[in-house]
Amino acid sequence: MGAEESVVVGTGAVSAEEVIRVARLGAPVRISRDAMSAMVETRKGIEALAEDPKPVYGISTGFGALATRHIPSALRTQLQRSLVRSHAAGNGPEVEREVVRALMLLRLSTLATGRTGARPEVAQVYASLLSAGITPVVHEYGSLGCSGDLAPLAHVALAVIGEGTVRDADGELVPAATALSAAGIAPVILEEKEGLALINGTDGMLGMLLLACEDLHGLLRLADVTAAMSVEALLGTDRVFAPDLQALRPHPGQAHAAANMVRLLAGSEIVKSHANPSCTVVQDAYSLRCAPQVAGAARDTLAHAERVASWELASAIDNPVVTLDGRVESNGNFHGAPVGYVLDFLAIVVADVASMSECRTDRFLDVARNHGLPPFLADDPGVDSGHMIAQYTQAAIVSELKRLAAPASVDSIPSSAMQEDHVSMGWSAARKLRRAIDGLTRVLAIEALTAARALDLRAPLAPSPATGAVRDTIREHVAGPGADRHLAPEIEAAVILASSGALVASAELVVGKLD
């Protein structure tokens with residue numbers, strides 16, 4: 001399914017794949033007829049409650065610690081507008097376009113369930129903004145992850161009512177009213193309940209979780225590729241990756257990672273050269289021998305995170321919410337703990353996979369451990385420094401990743417006059433995971449760059465067809481061993497190859513799709 005094909009939002013869950021298409025590929029969006037009908041039916045009940053003299057939270061009362069005040073009907077439009085304006089209190093750098101598009105689609109998906117009481121025309125503005133490529137400006141700071149991502153969602157809602165600032169389809173910063181007018185989109189005047197429906201949700205943290213899971217699938221395959229290159233160039237053995245040994249500890253992720261390593265190393269002259277009784281190495285270092293155990297545990301953690309994401313995708317989060325039998329009930333489903341936990345779990349995984357990668361890189365540079373390679377892989381050691389400082393860069397990133405692995409979800413800062421006295425910090429967990437994924441990409445790229453240099457230095461012995469293909473892809477952008485050159489552009493070239501998936505793709509052209 002191409003990016004130009006519309007994602008249809010119905011009363012059921014959108015898929016992770018659909019979120020990625022809208023967020024990253026700019027796919028347009030439309031709302032199904034059944035979703036429109038569901039919103040119309042639920043709205044009838046909200047309008048009836050709005051006429052009831054008895055106060056109903058979210059419909060005819062204030063919010064949060066101000067929920068005890070009954071608001072007369074003449075002031076309720078102002079109430080909704082004031083709610084959005086006051087909650088759009090974010091600060092700091094702009095959040096990435098893909099994140100904002102993801103959270104917009106996810107909020108639209110909840111509106112389309114009919115469980116929020118919002119009118120179809122409100123939902124339609126979200127679909128129209130996404131399809132027109134208009135992206136509200138959302139800021140880094142403001143969400144405590146409870147009641148959901150209030151401030152980020154409020155900045156989007158501000159654009160829906162024609163206020164605030166957006167990026168148009170060309171990326172230009174313009175007033176929301178200008179962008180909506182140019183696209184033929186009429187801003188909405190919010191009615192009872194709708195302001196809350198637009199800002200009570202875990203959509204920001206969930207969107208970032210889905211994007212992170214997509215990235216990590218590729219990066220964990222890359223970690224297997226770089227580990228295989230390092231095992232090979234450091235004269236390690238592939239025997240420890242044998243299926244029968246892995247089956248003795250039947251973690252599914254470990255089995256997949258080990259199988260990848262076996263396929264990647266198949267046919268290596270370098271591995272074969274020391275696979276004989278004359279080899280004096282009894283055991284490889286943990287960073288080589290245990291690569292499938294770490295990368296495998298990372299895969300299993302990722303699988304758990306994706307299960308949580310699937311449950312969250314199937315959720316209709318709002319407070320109050322309209323039940324299937326028409327009740328309007330306050331609830332705590334907006335609390336971001338389930339999503340915040342797995343975001344933190346993944347940050348731990350990222351830090352550990354990167355740490356092991358850095359260990360392997362460091363071994364290449366030490367003559368006491370690299371089995372005959374020159375110090376620092378330098379052309380003329382002493383005159384040249386080789387990859388000495390590339391490893392410093394890698395180590396600096398790994399150190400940062402360890403700090404980013406400190407969980408945000410164990411923190412809580414009470415708010416709203418102690419009404420909201422326990423918060424999830426899920427948005428913060430998601431933001432640091434995005435930075436961590438960028439760091440892991442860079443660490444693995446440096447390992448690939450260093451391992452490729454070491455494979456060249458093992459000539460005339462040839463690497464395996466798969467690792468050789470990865471080395472050749474790097475050589476299309478970075479020259480082979482020689483005197484010291486400006487290293488930063490070479491590292492950045494490797495980072496681009498890593499983040500684009502080109503390194504994994506070159507290996508898969510040889511061995512087929514990696515697990």
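The values are calculated or read from the model by the stated rules, or taken from the named source; none is laboratory data. In this text the structure is predicted, and so the values were computed from the model without any measurement. Don't worry about glycine lacking a Cβ; one is built from the backbone with ideal geometry, like all the others, and counts go over all protein chains shown. For accessibility, only protein heavy atoms count, side chains too; no ligands or nucleic acids. Shrake-Rupley method; radii C 1.70, N 1.55, O 1.52, S 1.80 Å.
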Taking amide H positions as placed in the peptide plane 1.01 Å from N, state which residues far from V29 in sequence (5 or more) or on other chains have amide H under 5 Å from it.
V7, S131
What percent do you get for the relative contact order of the chain when only Cα pairs under 8 Å and 6+ apart count?
16 percent
Could you state the angle between the C-alpha long axis of helix 252-265 and the longest principal axis of the C-alpha atoms of the chain, as a value from 0 to 90 degrees rounded to the nearest 10?
40 degrees
Could you rank the peptides 216-227, 175-186 by their average count of other C-beta atoms within 10 Å per residue, with the highest value first?
216-227, 175-186
Heavy-atom accessible area per residue - the chain, 1.4 Å, Å²:
40 Å²
Taking the alpha-carbon centre of each part, the distance from segment 465-515 to segment 29-45 in Å is 50 Å
Helix 120-132 axis, angle to the chain major axis (alpha carbon atoms, nearest 10°):
40 degrees
Suppose every Lys and Arg Cβ carries +1 and every Asp and Glu Cβ carries -1, with no other charges. What dipole size does segment 232-386 come out with about its Cα centre, to the nearest 20 debye?
520 debye
Peptides 237-249, 502-514 ordered by average Cβ neighbours within 10 Å, highest first:
502-514, 237-249
Using only the Cα atoms of the chain, what do you get for the radius of gyration and for Dmax, in Å?
26.5, 91
Determine, for each peptide in 122-132, 73-83, 348-358, the mean count of other beta carbons within 10 angstrom over its residues, then list the peptides with the highest first.
348-358, 122-132, 73-83
What's the angle, to the nearest 10 degrees (0 to 90), between helix 502-511's Cα axis and the longest principal axis of the chain?
60 degrees
How far apart, in nm, are the 7 Å Cα→Cβ label points at A50 and T393?
5.8 nm
Could you pull out every one of the lysines with an alpha carbon less than 22 Å from that of K54, ignoring same-chain neighbours closer than 8 positions?
K44, K193
Can you pull the percent of segment 48-158's accessible area that's carbon plus sulfur, 1.4 Å probe, other chains left in place?
55 percent
Reduced to Cα centres, the span from segment 379-408 to segment 264-332 in Å works out to 25 Å
With the full set of protein chains in place, find how many percent of the accessible area of segment 328-395 is carbon and sulfur; take the probe as 1.4 Å.
56 percent
Distant-in-sequence amide H partners of T165 (H built 1.01 Å from N, under 5 Å)
V137, A176
Put a dot 7 Å past each Cα toward the Cβ at D300 and H251; how far apart are the dots in nm?
0.5 nm
Normalising by the residue count of segment 90-204, find the relative contact order in percent from Cα pairs under 8 Å and 6+ residues apart.
34 percent
Among the aspartates and glutamates, select those whose C-alpha is under 17 Å from the C-alpha of K513, and discard any that sit fewer than 8 residues away in the same chain.
E214, D215, D224
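Report the calculated FRET efficiency for D379 and H274 (r = Cβ-Cβ distance, R0 = 25 Å), to the nearest 0.05. All intermediate terms of the calculation are to be shown ahead of the outcome.
Values: r = 25 Å, r/R0 = 0.98.
So, using R0 = 25 Å, E works out to roughly 0.50.
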